[in-house]
Amino acid sequence: MTWPLQKALHVFDAQAYKKASLFSTIFNGEIYNPKYFDPQISDTTILSKNLAVCQNSDQIFDLLSDLDGPFSLIYHARNKIYFGRDKFGRRSLLSATNSEGEIFISSVAINLPDMFKIRMKNFSETVLAGQIFEISSQNFEPKLVGKLQLKQPFLPATKIQSPEDLPSVSPSNLVQTSEFYQNLAQKIDQFLENSILTRTKISSNIYAKNVSVFFSGGLDSTVIAYYLGKYGNFETIELVNVTFWTAHGKFTSPDREHAESAFLELTKLLPDANFVKKYVNVPTEDLEKQAQNIAFSSYPRITIIDESLATSLHFLAQHASHKHIFSGLGADELFGGYTRHLRAFQKGEENFLQSWQLCFDEVYQEFQRIGERNLGRDDRMISFHGKEIRLPFLDENLVEFVGSLDIFAKCRPDFGAKSWNLGAKYLLRLVAQNLGLTETATRMKQAMQFGTRSAKALNKGNKKIHKADSTVSDNLAQFF
Amino acid sequence: MCGIFAAIIKHEKIPSLDVKNLDFFGQLNARGPDVNFYRIYEFNSESSLILAGWTLNLRSETPTLMPTDEGLVLGEAFLIEF
């Protein structure tokens, strides 16, 4: 392959005005494909090298389609710019246009000088997960080049026809399971090990020395912490847990209680791993002091539920001691862990195929929306503190494998509401059980905003919380 | 790398811009404490293209050299020109 000579970069002259640049790449992300990995040079260089030999938009799109890992990028090639986000939308990218047709693309909404007539509120999440746009010097209207897709699309809900075809397992424990699930659990175990190692790798045989984990003590974060402890060789695995002050509970919370139990379970199983607890109590005055920063980073996601989640993430990231922060985010969307997945199943009113189809639809749609609903906001919240999030459950290989499974292989809403602590993410719970995390494996999910008490601390009993998904937060709206 | 920015703006606004002052980028400037870098290009006869980025060097063992106001420093490369 011919390789254009890299232009030497000299001391930057603020007055320099570049008239002739053929290619420029601004890349916020990581590339995990082994074929693009070179321990001697950075991801951006490798990507630039490959982009430079692309002859047209289709080739650029094909190259970006091939990348595994989180990213947002802007690529300037001759008389065009291309910009977009990875398949799941793990990195934020917003855009804004003013009345003069000037265009602004940014990881986060910002107030620009008055002459541009662009304020934060003009930015929107117009670049959705996987979307790649181009703007040419002849036409500033962004044109969608395409949407990046997984190499293996999600398969339909299920191939089975009746309850008798379901693998026979106990709805009351994880011990009495079937070979069908055990085989899948072994594969998930392997995918997770690979995902963790990929995300801690710095070079061919050098790994990060210290990492932080957003640690609620729930199933997802405890499984991630376990794999870090088992397969990493860290000086410190910091388990960060936040609790917000409430009049009723003071500094107690469900997450704090679960974190303590999970910590004991982890240290018993992996006594040589260097787990370190970091329990943070957030007083009300800190919430008030940080309200503007939280609003600015979260924008344009400023509903009540965004505020609760963004607040938890803001303080988790602020108090994390290390730049690499691991999170179990994505497991609920991938394995079917939300109560609404159970409710969707129940809407099928005991019509077997319809129930599973409705459950599948809800899980599938949830996963498709994760970039828009969560990931962009979460990236903005964490990057505000100059740190980066690692999401092992959103590994392309793992997602493609889980996406290829029948819906009943991931979750078992047919166990009913009383056994949803087993049926939700059944397959992942089985993985945890096999690891020896027997207490964590059956722990009921607590949404982050309730587990940390951030929702209660922010809303002070506000009844609007039940419409949190769509109601704009008054606390955040005051800043715009 | 921790944050990226691009703007296509009218040429005549360039002289009055103070992109060297990081306050220009506001909240975006909090995202990558290691290094900030930017370039301005001619995009067409009427408009300029500003590209800017904030790096967080997390991964590369021998990171690409990149320029700052003080000179070349090490960091996860974010802007490569050919």
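The values are calculated or read from the model by the stated rules, or taken from the named source; none is laboratory data. Computed from a predicted model, the values in this text were never measured in an experiment. Cβ placement follows ideal geometry from the backbone for every residue including glycine, while neighbour counts extend to all protein chains displayed.
Suppose the filter is among the aromatic types (Phe, Trp, Tyr), at pLDDT 85 or above and part of a loop (DSSP other than H, G, I, E, B); does A:PHE480 pass it?
Spelling it out, A:PHE480 is indeed among the aromatic types (Phe, Trp, Tyr), at pLDDT 85 or above and part of a loop (DSSP other than H, G, I, E, B).
Run A:LEU174 past the list (1) under 27 Å from A:PRO413 (Cα atoms); (2) surrounded by fewer than 19 Cβ atoms within 10 Å (Cβ to Cβ) and report the number of the one that doesn't hold.
It fails just one condition, (2).
Quick check on my filter: what residues within the stretch A:76-88 are assigned to a loop (DSSP other than H, G, I, E, B) and over 24 Å from A:ARG369 (Cα atoms)?
Of everything in the stretch A:76-88, those that are assigned to a loop (DSSP other than H, G, I, E, B) and over 24 Å from A:ARG369 (Cα atoms) turn out to be A:ARG78, A:ASN79.
Residue by residue through the stretch A:106-130, note down the ones that are away from chain B (no Cβ under 12 Å) and surrounded by fewer than 20 Cβ atoms within 10 Å (Cβ to Cβ).
Within the stretch A:106-130, A:LYS121, A:ASN122, A:SER124, A:THR126, A:LEU128 meet the criteria.
Among the residues that make up the stretch A:139-156, is at least one of them within 30 Å of B:PRO15 (Cα to Cα) and either of a type in the set (Val, Ile, Thr) or surrounded by 18 or more Cβ atoms within 10 Å (Cβ to Cβ) (or both)?
yes
Looking at (1) within 14 Å of chain B (Cβ to nearest Cβ); (2) part of a helix (DSSP H, G or I), which is the only condition A:PHE140 fails?
(2)
Quick one: which of A:LEU64, A:LEU73, A:LEU51, A:LEU47 is among the hydrophobic types (A, V, I, L, M, F, W, C), more than 10 Å from chain B (Cβ to nearest Cβ) and either within 28 Å of the chain's Cα centre (by Cα) or assigned to a helix (DSSP H, G or I) (or both)?
None of the others qualify; the one that does is A:LEU64.
In the set A:SER297, A:SER261, which member is within 23 Å of A:LEU94 (Cβ to Cβ), in contact (Cβ under 8 Å) with a residue 24 or more places away in the chain and of a type in the set (S, T, N, Q)?
Every option except A:SER297 fails the conditions.
Hey, could you check the stretch A:89-102 for residues that are surrounded by fewer than 24 Cβ atoms within 10 Å (Cβ to Cβ) and part of a loop (DSSP other than H, G, I, E, B) and say which is nearest to the other protein chains (Cβ to nearest Cβ)?
The residue in question is A:GLU102.
Quick one: which residue in A:ARG369, A:ARG390, A:ARG443 is farther than 27 Å from A:LEU266 by Cβ and among the basic types (Lys, Arg)?
A:ARG369
Might you let me know whether the stretch A:288-302 holds any residue that is under 21 Å from A:GLN446 (Cα atoms), within 23 Å of the chain's Cα centre (by Cα) and more than 14 Å from chain B (Cβ to nearest Cβ)?
Checked against the condition, which is being under 21 Å from A:GLN446 (Cα atoms), within 23 Å of the chain's Cα centre (by Cα) and more than 14 Å from chain B (Cβ to nearest Cβ), the stretch A:288-302 yields no hits at all.
Taking the stretch A:184-201, which residues are more than 14 Å from A:PHE393 (Cβ to Cβ) and either outside any helix (DSSP H, G or I) or within 14 Å of chain B (Cβ to nearest Cβ) (or both)?
Correct list: A:LEU197, A:THR200, A:LYS201.
Kindly list, by first and then second residue, each pair from a residue in the stretch A:323-352 that is at pLDDT 95 or above to a residue that is of a type in the set (Phe, Trp, Tyr), limited to pairs with Cβ atoms under 6 Å and residues at least 6 apart or on different chains.
A:SER327/A:PHE214; A:GLY330/A:PHE393; A:ALA331/A:PHE393; A:ASP332/A:TYR338; A:GLU333/A:PHE367; A:LEU334/A:PHE393; A:LEU342/A:TRP420
Give the residues of the stretch A:285-310 that are assigned to a helix (DSSP H, G or I) and among the β-branched types (Val, Ile, Thr), sorted by residue number.
Scanning the stretch A:285-310 gives A:ILE294, A:ILE304, A:ILE305.
Please work out if A:ASP66 is of a type in the set (D, E, K, R) and modelled with pLDDT of 95 or more.
yes
Can you report the number of residues in the stretch A:103-126 which are assigned to a loop (DSSP other than H, G, I, E, B), in contact with a strand residue (DSSP E or B) (Cβ under 9 Å, 6 or more places away or on another chain) and modelled with pLDDT under 95?
Total satisfying the criteria: 9.
Filter the stretch A:142-188 down to the residues that are touching a strand residue (DSSP E or B) at 6+ places or on another chain (Cβ under 9 Å) and free of Cβ contacts under 8 Å to residues at least 40 places away in the same chain and list them by number.
Result: A:LYS143, A:LEU144, A:LYS147.
For the stretch A:157-171, how many residues are surrounded by 14 or more Cβ atoms within 10 Å (Cβ to Cβ) and of a type in the set (Gly, Ala, Ser)?
1
Residue-by-condition table, conditions (1) of a type in the set (Ser, Thr, Tyr); (2) touching a Lys or Arg at 6+ places or on another chain (Cβ under 8 Å); (3) without any contact (Cβ under 8 Å) to a residue 12 or more places away in the chain; (4) surrounded by fewer than 17 Cβ atoms within 10 Å (Cβ to Cβ):
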residue	(1), (2), (3), (4)
A:LEU391	no, yes, no, no
A:GLU396	no, yes, no, no
A:ILE407	no, no, no, no
A:GLY423	no, yes, no, no
A:VAL431	no, no, no, no
A:MET444	no, no, no, yes
A:ALA457	no, no, no, no
A:ASN475	no, no, no, no
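Can you tell me which of A:GLN290, A:GLN318 is crowded, with 18+ Cβ neighbours inside 10 Å and in contact with a His (Cβ under 9 Å, 6 or more places away or on another chain)?
None of the others qualify; the one that does is A:GLN318.
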